[in-house]
Structure formats: structure tokens, C-alpha cells
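Remarks on the structure that follows.
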Number of protein chains: 2
Amino acid sequence: MRILFQTADPANQDAWLRDLRTALPHAGIRVWQSGDTAAADYAIVWKPPAEMLQGRPELKAVFNLGAGVDAILKLNVVPDTLPLIRIDDGGMAVQVAEFATHAVLRYYRRLDQYERQARSNGGEWKPLPPFERSGFGIGVLGLGVLGQRICESLQHFGFEVSGWSRSPKTLPGVKAYAGSAQLNEFLRNARVLICMLPLTPDTAGILNRDTLSQLPRGAYLINLARGGHLVEADLPPLLESGQIAGATLDVFQEEPLPPHHPFWKDPRIAITPHISALTVRSEAARQIAEKIAALQRGEAVVGLVDRNKGY
Amino acid sequence: MRILFQTADPANQDAWLRDLRTALPHAGIRVWQSGDTAAADYAIVWKPPAEMLQGRPELKAVFNLGAGVDAILKLNVVPDTLPLIRIDDGGMAVQVAEFATHAVLRYYRRLDQYERQARSNGGEWKPLPPFERSGFGIGVLGLGVLGQRICESLQHFGFEVSGWSRSPKTLPGVKAYAGSAQLNEFLRNARVLICMLPLTPDTAGILNRDTLSQLPRGAYLINLARGGHLVEADLPPLLESGQIAGATLDVFQEEPLPPHHPFWKDPRIAITPHISALTVRSEAARQIAEKIAALQRGEAVVGLVDRNKGY
């Protein structure tokens, strides 16, 4: 079996090769380099150049080293008939749940304010009135593997959780909304809004002045999906008016976030450098090996991208 | 039924009275004032003066509006034969679990460092290598109602959790240690140490140079119990040497933490004003009503303080 490997992150290339060779000991795995047009059965990629995947009729499947396939679909070089497979979890579900739970608890328990008090004027000791749990509904946009795991973690702490997805889903204890017709009703009950959607033409810019204005006044925004979901210019006026109390953003239209971007200077915005979930290499390599074995047996695999939906 | 009520927090006195009267509609509840020596069946107190509880042979039980009874036992005015009953939970278990989980995730996911990076030099975008989950054991000192709930929340995120208590306990999935003979072994595996012990003569000063030096190098300390557990002067040298990487402290020897206390100025110490768990009044009042009804029926109640153990 011939496997072509590529990653846009050269610092981790050797570590990936090691983990892939451990998981697939009988495969011939080579790193793709410009000009390499030799045949391959499978491609394992992360943000590949178009050239790598063009004119490869012998390929049986392409594996994307992450849950988001927006970058690879934009290239328009993977034929619709060729299976494109996401690594949906690869150890990422627990990580996004950790990250989202931390952000929610930090805001709900006012720990961001306590930290500011402790650092101001040489230290201020001032208990603050707590938020009421009953009015503190949390809405999760996107109920895939990662969004579901976030719902579970927030339910563990007794929060009221609702979710919104493109097509109707049923999750235990989660009030579920679906489709554009139910989006506003979902938003009106979300004191905290967490975006975990795939980035598609339908979801690009879904966090904008109109939708964010549907949230209860003083709502909190958490975006762990893609920078393209948020119309960034719409956020500062909503923070100024008090409609949005604050935000935790891990993703941005341009990454790294440019040095003079106004978000850096706003203390109401917590910024992290796209680290809410990092693929765990050994786990992802193990999953790829399992999926290749399933494909060889002619079985269905989890994570197959639906080209009509775009994820 | 005559109930005597007192709280050291006068701002909340009327709200308490309202909630207690709702939960105990048939009782005569009065606020104790200096000089009131009229008979009462039950006393409900928070940090009472000694005078209030002296010479009251008719009292059937004293309820303490919180889990820690160190302050009331020090008064030495509640006879050993009079039931003293803690409000062990009163909505506090989920709160300490939230607080502890936030502190652990903040350190584990390096979110404290990301926040410093975002605020320094106008914004620094720099992903940091994550900690390995396998070497990240968490030790909980004290396995009462609150300590157990913390263990559950950390297990929900897949952390390896161990616990230490005075007498042996069995908790699902928790590696349990007991007694002073096993303390050092417990400490040697705690990358993060969370103190949830009651404050007694045995546990006062249990967080000191000797015990904290048993932790793995670069360990993180979280104290949500009482300021008296930590020998405060021992912490700065341990932070300087790198033995302790940082700490989240919600309680202090002197509260409010005095303005010139060195902890205020150390960015490695996160300080909150004793807010990790606030008694939820309506829930505590409901529990007291239930416990009074059980005592009237001659039944046992949860939260009865053992005078030999001191909690």
C-alpha cells in the first residue's frame, strides 16, 4: 500500500511520519514533494497545495488531519467521487469540551473580573453577586462529535443546554433546534453562545450584528470553530452597547491575528492562538489505520465528508 | 417551634429570614440580639458570638450555615451532647467543582499564559506545547461531600484523580490514600494538589514546606478550604525555586487579605475573595427544614459534627 503524506506544519512532519508508520507498519509512506506524481493509494493531508492532489485517478481516499475541511474543499481538486474523510475526533472532543467549559465557568463565576480586581490598585478584595443559574442557558451552534461533547460537559455542571444544527438531532437533555426557521428562537435563549459549526457557504458570517442581536442582552460569545463564522467588524459596536458582554475567541479571519487588530486591545475579548483542540498524533494515526482497513474491507467509515453539505 | 437565627453577615439577614420562613412556615423564627435569653428549640447560626449559645439547656440542635465548623468549635460553647449540624452542601458541591475544574483547566491548558501573552507587548500569538495528560495526576486532600464532587468533575475530563482522607474511603475510579502514613506517597503523584480538608488541629498548616516539597517539581496548588491550612510564609520560596509553579488561593490566614500582603503582587498566584462556594440560601433553608423534621421524628441526620474528629 502506497501512502502520500503532506502537512502544512513542517515542524511536526517527522513526528507525524513516526506515528503513521507505527500505526501502519506495512504501508509505504512517503512525504509528498513538489513534482512527485508517482501513484499512491491514499493521501493523508493537512492544508495541501492543489498540485499534490491533481490528476491522481488511482487514489482511493484522502484523509484530512482535522475536523474542518473548508480549506481543502476550497481547492476544488478532490473529485466528488473520491472519498474525503475527516479526522473528527483524534482526541479533540475532550479538548474542546475543556476549553469551552473553562470559558463558560470563567464568565459565569466572574473569575475574569476577580482577576482584574486582584491585579488593580495593588489588589482589591470584593466579592461580587453571583449570576443566577436559572437564567443562564447555554446554546451550542453545531452538534457534531465536538459540539455534543461540549453539551455533555456543561450538563455535568447542571447548566441548561440547547443546541442548533442544520438538520434535527436528538441529544439527551439538550433542547434541540434545527434549520434557519428555528435559529432566532434558539438564539433568544442563549445567555452564552458557543460556535462549533463547520465553515460552509451557509455558515460563513453566521455570527453577525443581526444574529448576535437576537441573544439576550449581556450575552457572552465563544467561537472555537473558524474565524470565517464571525463578521469581526460587527463585534466592537455590540460590546460597546452592552448587547455582548464579552467574548472568548480562538479563531480569526486572519491567523495569526495581525498585530494591530483592535481585538488585542479589548480586555473583554479573551484571545488564544487557535489551540482549543490540537490533533493528538498517535490517536489520529490509529484512527486513519482503522479507517483504511475498513475501506479495504468495503465497509463504511465515520467522518466521510458530504460534498452537498460541505462537511 | 421557636427558632433563634443569627448571621455574621448583616447585609443578608433579611434575605435569610425570608427563605427560612418560607421553608419553615409554622416556626416562630426570631433574630437573636444581645441580651435575648428567651428559650428556643433550634439555633441557626453563622459565626455566632459565644454569648448567644451560652446557658441554653432547652436547645435541641444548632445548625451551622456552612460546611466549615472550625469557627464555632473554637468558641467552646456548644456542649458535646448538643447536636451541631453542618450544611454540607446547600448547593455548594457543584460550585466548588466548578471553581476547582476552572483552576485545573486554566493551568493544564496554559490559559493563564495565553492571557499574559495576549496582554503583553500589544498581543503575542504563540501556541505553547501542551502538557501530557498521562503525567498530570490530580490529588484531592479531603474526600467529604465537596471533595468527592471535585473528583467526579475532574474524572469527567479524563484526569487521573487520587484522594487522601483521614480514614480510608472508596470512591469509583479514585486512587485513595488514608492517614498520615500514606500522605507522602499521595503527594508524590499529585501534579496538582487541591485542598478541601476541614480545618482541625490535625490539619492546620498541612500545606507547608515539607509537604509541598513532596509534590512533583513544578506542581500547582489550589486551596479552597481554609487559610489556616497553608503556612503562607512557606509558599514564596517554593515558587522562587520552581518547586511550585503557581497557585489558586480562595482562602487566607487573614481575610480580607491585607493590602500589602506579598501574594497580591505575585502573578503566579490567582487570588479570589473566598467565593469558591457560597451557600445557596433557599437550598440551605430547605435542608434545615428537612433536618429539623427528621430530628423531630427521632431520625439520624447527615452533617452531624463528630466532636472527636472536629468536623
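The values are calculated or read from the model by the stated rules, or taken from the named source; none is laboratory data. Just so we're clear, the structure is a prediction, and the values are computed from it rather than from any experiment. Cβ placement follows ideal geometry from the backbone for every residue including glycine, while neighbour counts extend to all protein chains displayed. Accessible surface is based on the protein model in full, side chains and every heavy atom, while ligands, DNA and RNA are left aside. Shrake-Rupley method; radii C 1.70, N 1.55, O 1.52, S 1.80 Å.
Structure summary
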read-out: Residue in segment A:141-149 that is more than 23 Å from residue A:304 (Cα to Cα), out of contact with any Leu (no Cβ under 6 Å at 6 or more places or on another chain) and at pLDDT 95 or above present; value: no
read-out: Segment B:32-44 residues that are not assigned by TED's automatic domain parsing to the domain that holds residue B:61, paired with ones that are part of a loop (DSSP other than H, G, I, E, B) and open to solvent by less than 20 Å² (accessible area, probe 1.4 Å) (beta carbon under 9 Å, 6 or more apart); value: none
read-out: Failed item in (1) part of a loop (DSSP other than H, G, I, E, B); (2) among the charged types (D, E, K, R); (3) more than 30 Å from residue A:248 (Cβ to Cβ), with residue A:47 passing the rest; value: (3)
read-out: Count - residues of segment B:84-116 that are open to solvent by 40 Å² or more (accessible area, probe 1.4 Å), acidic (Asp, Glu) and more than 17 Å from the chain's Cα centre (by Cα); value: 1
read-out: Among (1) away from chain A (no Cβ under 14 Å); (2) closer than 20 Å to residue A:152 by Cβ; (3) open to solvent by 20 Å² or more (accessible area, probe 1.4 Å), the one test that residue B:152 misses; value: (1)
read-out: Subset of segment A:160-182 that is of a type outside the set (D, E, K, R) and part of a loop (DSSP other than H, G, I, E, B) - its residue that is most open to solvent (accessible area, probe 1.4 Å); value: A:170
read-out: Selected residue [hydroxyl-bearing (Ser, Thr, Tyr) and buried (at least 19 other Cβ atoms within 10 Å of the Cβ)] from A:37, A:22, A:81, A:7; value: A:7
read-out: First in segment B:131-153 and in the same structural domain as residue B:188 (by TED's automatic domain parsing) and under 23 Å from residue B:67 (Cα atoms), second anywhere and open to solvent by 40 Å² or more (accessible area, probe 1.4 Å) and polar (S, T, N, Q), Cβ under 7 Å, 6 or more apart; value: B:139/B:189
read-out: Check on residue B:42, modelled with pLDDT of 95 or more, touching a strand residue (DSSP E or B) at 6+ places or on another chain (Cβ under 6 Å), more than 28 Å from residue B:158 (Cα to Cα) and open to solvent by less than 40 Å² (accessible area, probe 1.4 Å); value: yes
read-out: Single condition residue A:177 does not satisfy, out of (1) more than 16 Å from the chain's Cα centre (by Cα); (2) under 25 Å from residue A:239 (Cα atoms); value: (2)
read-out: So residue A:67, is it in contact (Cβ under 8 Å) with a residue 60 or more places away in the chain, surrounded by fewer than 22 Cβ atoms within 10 Å (Cβ to Cβ) and not assigned by TED's automatic domain parsing to the domain that holds residue A:153; value: no
